[in-house]
1. As an exercise, identify the chymotrypsin sites (Phe, Trp or Tyr not before Pro) in the stretch 21-84 lying in DSSP coil whose Cβ has no more than 15 other Cβ atoms within 10 Å.
2. Could you tell me which helices of the chain pass both thresholds, a Cα extent of 18 Å or more along their own axis and a mean Kyte-Doolittle hydropathy of at least 0.5, with helices taken as whole DSSP H runs?
3. Give me the one-decimal nm value for the distance between modelled label points at Lys79 and Arg65, 7 Å along each residue's Cα-to-Cβ direction.
4. Please state, to two decimals, what the Cα-based radius of gyration of the stretch 56-98 comes to when divided by 2.2 N^0.38 Å (N = residues).
5. Amide H neighbours of Leu13 under 5 Å, at least 5 residues apart or on other chains, H built in the peptide plane: list them.
6. Can you show me the helix-derived [θ] at 222 nm for the chain, built from DSSP H runs with n ≥ 4 at -39,500 (n - 2.57) apiece and divided by the number of residues, rounded to the nearest 500.
7. With springs connecting C-alpha atoms under 10 Å apart, model the chain as a Gaussian network and identify which of Leu53, Leu13, Leu44 has the largest mean-square fluctuation.
8. For the chain, what's the relative contact order in percent, using C-alpha pairs closer than 8 Å and at least 6 residues apart?
Amino acid sequence: METVGKQETTTPLLMDKAYGDNHTLYVAQMLKFDPVVPPKSNALHPREYDKELYKRRNEIERLFRLIQGFRRVFCRFDKLDIIYIAFIQLALVYVAIK
């Protein structure tokens, strides 16, 4: 039975140029992700990608760097996942207030 008007949406997956090989892109697409990665400079057939979305990747990397400044997150002292995630949330609140 065919569904009318319902389209499958994919989630963008921001990746570094190092992960721009065909196999990795194929796996990402099979998992219903839309890979956002610039082509290598020597690519014969460069593919299209969302340049504005790729620029936002830097914001995510900077946030991870701020969170890793907390030694407890970086070294993973907590044994339980729920306590670890709670401390990450606390670190995010601290970064947002700061």
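Bear in mind that the values in this text are calculations on the coordinates, not laboratory data. Note that the structure is predicted; figures quoted are calculated from it, not measured. Cβ coordinates were reconstructed from backbone atoms using ideal geometry, including for glycine residues, and neighbour counts include every protein chain displayed.
1. Phe70, Phe77
2. In the chain, the long hydrophobic H runs are 81-97.
3. For the pair Lys79/Arg65, the computed spacing is 3.5 nm.
4. Dividing the Cα radius of gyration by 2.2 N^0.38 Å gives 1.17.
5. Correct list: Asp34, Val36.
6. Helices in the chain give a 222 nm mean residue ellipticity of -14000 deg cm²/dmol.
7. Leu44
8. 18 percent
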